[in-house]
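In what follows, a single structure is set out as structure tokens and then discussed.
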Amino acid sequence: MYTAHFGLSEVPFSLTPDTSYFFSFNSYQEALNTLLIAAKNGEGFIKITGEVGTGKTLLCRKFMAMLDADFVTAYIPNPLLEPRSLMLALADELACPVERGIEQHQLIKAINFKLLELAREGKRVLLCIDEAQALPLETLEALRLLSNLETEKRKLLQIVLFGQPELDRKLARNEIRQLTQRISFHYQLQALTANEIEIYVAHRLKVAGYSGPALFGSAALTMLRMASGGIPRVVNVLAHKALMLSFGEGRQHVSVRHVILAAKDTLAVGQIHSYANQLKLVVSALVVVSVMAGWVFIK
């Protein structure tokens, strides 16, 4: 692997959502602020949406890590569950003992008892559901019923939904309008800007132990922005492949050519760009390469 070659302590562009690499660009910070304010206000439902690869899981983990000891968190990463299974998963996350084969009304009663117990201890319980666009409609309705659990003063359970834009389309359905009306805070994550990508790449390299001169030239960063559409996961894939290509050639920097080759080998780039946009991307790549070649020749 290229880590030793570039003086890195670890791979900087891994796809694993590691909070040590959290990068507080504008959209992330605004989403995080929304989550923290809503959680402290005790709101029932909170929603965060974003395109595939915009970092919703990383944001979710960072958010949970930032909550103080007053919060008890439950995390469900795979919500493609029928209502009973979701409630059993919640009971398990809260260390709420339930008997095998327990009836659903008894299950809700056990969860309510546990929530009341935690409330008496001064705790707030927050359920984070990742990939929430996969929730079946009947499970969304079960979540609404769980959100009804409350004291005279506050909700016993806060629910945060992290999902792709498909979640918004699902929530727009008439049969679950009661749940939609209870979402008091929401935010949509945006792609990285050109300036943010430059800082993002440098940030991840620094966290991974890099301390030398810039590894990615300005043309390489420009192409990285164009090819990735500013989607952090795709930036990671392309940057990782470009580093591998540079390492394979024994070079100490990443050129625009390495990024172009990485993009050509990455299916996600084709998913981001329509056929017409892919043609524009190729033309733009040729222009960038020509300009850089001319600059080198003149120099």
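Does the range 126-141 contain any residue that is out of contact with any helix residue (DSSP H, G or I) (no Cβ under 7 Å at 6 or more places or on another chain) and surrounded by 21 or more Cβ atoms within 10 Å (Cβ to Cβ)?
yes
Just for the range 44-58: of the residues that are of a type outside the set (D, E, K, R) and in a strand (DSSP E or B), which one is farthest from SER147 (Cα to Cα)?
Only one residue tops the list, namely THR49.
Only residues that are assigned to a helix (DSSP H, G or I) and touching a residue at least 60 places away in the same chain (Cβ under 8 Å): list them for the range 59-92, please.
Selection gives LEU59, CYS60, PHE63, MET64.
State all residues of the range 6-15 that are of a type outside the set (A, V, I, L, M, F, W, C) and in contact with a Leu (Cβ under 9 Å, 6 or more places away or on another chain); if no residue qualifies, say none.
PRO12
Kindly indicate the residue of the range 201-228 that is surrounded by 19 or more Cβ atoms within 10 Å (Cβ to Cβ) and not in a helix (DSSP H, G or I) and also nearest to the chain's Cα centre (by Cα) among those meeting that condition.
Going through the qualifying residues, I end up with ALA208.
Hey, can you tell me all the residues within the range 142-153 that are in a loop (DSSP other than H, G, I, E, B) and surrounded by 13 or more Cβ atoms within 10 Å (Cβ to Cβ)?
Matches in the range 142-153: SER147, ASN148, LEU149.
Being within 16 Å of ASP70 (Cβ to Cβ) and either under 28 Å from the mean Cα position of the chain (by Cα) or buried (at least 21 other Cβ atoms within 10 Å of the Cβ) (or both) is the filter here, so list the residues in the range 107-125 that pass it.
LEU115, LYS123, ARG124, VAL125
A short reminder: the numbers here are calculations on the coordinates, not readings from a lab. What you are looking at is a predicted structure, and each value in this text was computed from that prediction instead of being measured. Quick reminder, even Gly has a Cβ in these numbers, built from the backbone with ideal geometry, and neighbours come from all protein chains shown.
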